[in-house]
Amino acid sequence: MIPAAKISEIPNFGKKVVPVSGQEILFINIKGTFFAVENECPHQGSPLSAAIVKDGYISCPRHGYRFSLTDGTCSDHPEFTLKTYPVELRGDDILIDLG
Ligand code: FES
């Protein structure tokens, strides 16, 4: 687990892209629960920083594929999976495990 972002930088229902070890990671705050996913759609690579997050899913702005925030699965297109990463909160830090 490495510190990657600050809790105070990501408002409720907000997102932030942070470079971590050469990768762009998108952090998402939903009512104090934080998620970390790759910022590149596995379908055709659109950035997900402008994606809509709703009901535990992130919807790609390009073609609308919906990925689970918890495991990255896409029920309509199961051949595509978004990478998700475990996060842990410590003080004001968000730690991430890139695996
Ligand atoms: S690029 Fe994301 S759904 Fe097509």
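Couple of notes before you dig in:
- Bins of 5 Å from zero: percent of alpha-carbon pairs in the chain: 3, 15, 27, 26, 18, 9, 3, 0
- The residues V87, V37, when put in order of fewest to most other Cβ atoms within 10 Å, stand as V87, V37.
- Under-17-angstrom lysine pairs by C-alpha in the chain, whenever the two are 8 or more apart or on separate chains: 10
Any read-out appearing in this document is the output of simple, stated calculations on the displayed coordinates, not a laboratory observation. Treat the numbers as computed from the prediction; the structure is a model and nothing was measured. With ideal geometry, Cβ positions are generated from the backbone for all residues, glycine too; neighbour counts draw on all protein chains shown.
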